[in-house]
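A.B. asks: Sharing a structure below in structure tokens format, with a few things to ask.
The values are calculated or read from the model by the stated rules, or taken from the named source; none is laboratory data. Note that the coordinates shown come from a computational prediction; the quantities given were computed from them, not determined experimentally. Glycine gets a Cβ as well: all are built from the backbone with ideal geometry, and neighbour counts include every protein chain shown.
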Amino acid sequence: MKVLVVFYSLYGHIRQMADAVAEGARQVPAAEVEVKRVPETMSADLIGQMGAAEAQKSMADIPVVTHDDLVAADAIIFGTPTRFGNMIAQMRNFLDSTGPLWSSGALVGKVGSVFTSSATQHGGQESTILSFHTTLLHHGMVIAGLPYAFAGQMTLDEISGGSPYGASTITGGDGSRMPSKNELDGARFQGQYVAGIAGKLAAR
């Protein structure tokens, strides 16, 4: 049973969340978990101007996802930063390239799930995930979120991301806040939850 974590991360926040999601998925027996990234569409010069060169360099060893990777997976968990309440352009560009998979029904019946980040508590965490679900539904995927069984999303003791739609992290306006323990715990829970569902479907 194969679980694929596909992400885009500019400054490393979503990369940390992706690693936690993968860690959770690996807790499910027989789960084979891969972490891959979508192609970059910005130039190296622009990435440097945005102060993300070092973060991007640290992710250079992560393989770029292909359509074949999506087809081979039983579950696909997508991670994207929020941009104006929606997924980032690099993720949208990759998803827009999957038309041939849609026309052949290659992703029908696979489990799909999403996690995200935003600069502020109300910066679009929920709308990003919900709007992402539209694409997954067009592909015929079975959507899984982050159930309230993960009680950490209900905490009032700290500022924290997380909703029933999926795990999330809050980065701060300057990007200085990295994922908290609670947010990473939510990501691990989501990974394990999605892998568990995929395993049950695969066993039918």
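A.B. asks: Which residue is farthest from the chain's Cα centre (by Cα), if the candidates are limited to the stretch 8-27 and must be surrounded by fewer than 21 Cβ atoms within 10 Å (Cβ to Cβ) and farther than 16 Å from Glu183 by Cα?
C.D. replies: Gln27
A.B. asks: For Ile129, indicate whether it is buried (at least 21 other Cβ atoms within 10 Å of the Cβ) and either aromatic (Phe, Trp, Tyr) or within 15 Å of the chain's Cα centre (by Cα) (or both).
C.D. replies: Numbers: buried (at least 21 other Cβ atoms within 10 Å of the Cβ): yes; either aromatic (Phe, Trp, Tyr) or within 15 Å of the chain's Cα centre (by Cα) (or both): yes.
Criteria met by Ile129.
A.B. asks: Criterion first (within 30 Å of Ala203 (Cα to Cα) and touching a residue at least 12 places away in the same chain (Cβ under 8 Å)) does Ala106 satisfy it?
C.D. replies: Values: within 30 Å of Ala203 (Cα to Cα): yes; touching a residue at least 12 places away in the same chain (Cβ under 8 Å): yes.
The answer is yes for Ala106.
A.B. asks: For the stretch 58-140, list the helices (runs of 4 or more DSSP H) that sit wholly inside it and hold at least 2 residues that are of a type in the set (Val, Ile, Thr) and touching a strand residue (DSSP E or B) at 6+ places or on another chain (Cβ under 7 Å); which are they? It would help to see each step written out before you state the result.
C.D. replies: Numbers: elements: 67-72, 89-96, 99-104, 125-138.
Passing ranges, in order: 125-138.
A.B. asks: I've got another one for you. Could you grab me the full set of residues in the stretch 1-38 that are under 17 Å from Phe94 (Cα atoms) and modelled with pLDDT under 95?
C.D. replies: Of everything in the stretch 1-38, just one residue is under 17 Å from Phe94 (Cα atoms) and modelled with pLDDT under 95, namely Leu10.
A.B. asks: Can you find a residue in the stretch 129-141 that is at pLDDT 95 or above, polar (S, T, N, Q) and within 19 Å of Gln16 (Cα to Cα)? Can you show your working first?
C.D. replies: From the stretch 129-141, those at pLDDT 95 or above are 129-141; that's our starting set.
Filter again for polar (S, T, N, Q), leaving 131, 134-135.
From what's left, within 19 Å of Gln16 (Cα to Cα): none.
No, that holds for no residue.
A.B. asks: With (1) touching a strand residue (DSSP E or B) at 6+ places or on another chain (Cβ under 6 Å); (2) surrounded by fewer than 20 Cβ atoms within 10 Å (Cβ to Cβ) as the list, and Leu46 as the residue in question, which single condition is left unmet?
C.D. replies: Against the list (1) touching a strand residue (DSSP E or B) at 6+ places or on another chain (Cβ under 6 Å); (2) surrounded by fewer than 20 Cβ atoms within 10 Å (Cβ to Cβ), Leu46 comes up short only on (1).
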